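What follows is one structure encoded as structure tokens, with my remarks underneath.
Bear in mind these aren't lab numbers, they're just calculated from the coordinates by the rules spelled out. Everything numeric here is computed off the predicted structure, so don't read it as measured data. Cβ placement follows ideal geometry from the backbone for every residue including glycine, while neighbour counts extend to all protein chains displayed.
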Amino acid sequence: MTRAQYILLAAGGSAALLAGAYGFEYIGGMAPCQLCWWQRYPHMVAVVIGLLALILMGRTLPYLGALAALTTAGIALFHTGVERAWWEGLASCSAGSIAGVSMQDLLNPAANVAAPVRCDAVAWEMAGLSMASWNGIASLVLVALWLLAASKRR
């Protein structure tokens with residue numbers, strides 16, 4: 001395979017994972033927790049890096065793409081550990097948050113205040129693995145694709 005093909009696969013993989021996450025959110029009605037959001041940002045960066053890497057030659061951009069994919073894999077691993085109670089999560093994420101809710105709404109029993117999305121609760125599973133776990137696995141595959149792209153001259 002060529003450098004461009006590896007870059008297209010890697011950046012396209014990040015775009016596909018983002019599309020899936022937004023699909024779960026907007027079509028499936030599953031609101032993301034804070035750690036879910038954090039996993040999306042490196043994928044966004046990887047897509048931009050991929051577009052630049054198709055235009056500009058060199059190994060720096062594919063290495064940066066690999067770093068972006070590795071970052072999201074690390075966040076996904078942390079999130080998986082929080083979901084499985086292997087370690088504690090962030091206090092604001094695992095305890096729920098009322099950020100953005102007015103004091104008046106908090107004190108009003110008739111107000112419709114959405115429940116906070118918790119990072120330590122598995123919202124969706126397939127084959128015993130959560131969405132965060134699958135994102136971590138897929139992101140590690142993307143790291144390998146980025147590194148293969150960096151190893152190619154053309």
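Within a Cβ distance under 13 Å of ALA4, other residues only, what is the Lys/Arg minus Asp/Glu net charge?
+4
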Among LEU148, TRP86, VAL122, the residue whose Cα sits farthest towards the positive end of the charge dipole of the chain, when +1 is placed on the Cβ of each Lys and Arg and -1 on the Cβ of each Asp and Glu, is LEU148
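Could you work out the helix-only [θ] at 222 nm for the chain, with each DSSP H run of four or more residues adding -39,500 (n - 2.57) and the total divided by the number of residues, to the nearest 500 deg cm²/dmol? Don't skip to the end; give the middle numbers.
On the way: 6 runs with 100 residues, N = 154.
Per the formula, -21500 deg cm²/dmol.
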Percentage relative contact order, the chain, counting C-alpha pairs under 8 Å, at least six apart:
37
Using the count of nearby Cβ atoms within 10 Å as a rough guide to exposure, how do ILE27, ILE49, ILE137 rank from fewest to most?
ILE27, ILE137, ILE49
Want the number for ARG59 to MET1: 0.36 nm per residue separation, take away the alpha-carbon distance, what's left?
19.3 nm
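In whole angstrom, how long is each semi-axis of the equivalent ellipsoid of the chain, when you take the square root of 5 times every eigenvalue of its Cα gyration tensor and sort them from largest down?
On the way: eigenvalues 247, 49, 33 Å².
Rounded to whole Å, the semi-axes are 35, 16, 13.
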Would you mind checking the tilt of helix 131-151 against the longest principal axis of the Cα atoms of the chain, expressed as 0 to 90 degrees and rounded to 10?
20
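How about region 58-93: which chymotrypsin sites (Phe, Trp or Tyr not before Pro) there lie in a loop by DSSP and see at most 10 other Cβ atoms within 10 Å?
Values: sites: TYR63, PHE78, TRP86, TRP87; in loops: TRP86, TRP87.
When the chymotrypsin sites (Phe, Trp or Tyr not before Pro) of region 58-93 are filtered for loop state and at most 10 Cβ neighbours within 10 Å, TRP86, TRP87 remain.
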Please report, in debye to the nearest 20, how large the charge dipole of the chain is about its Cα centre when each Lys and Arg carries +1 at its beta carbon and each Asp and Glu carries -1 there.
920
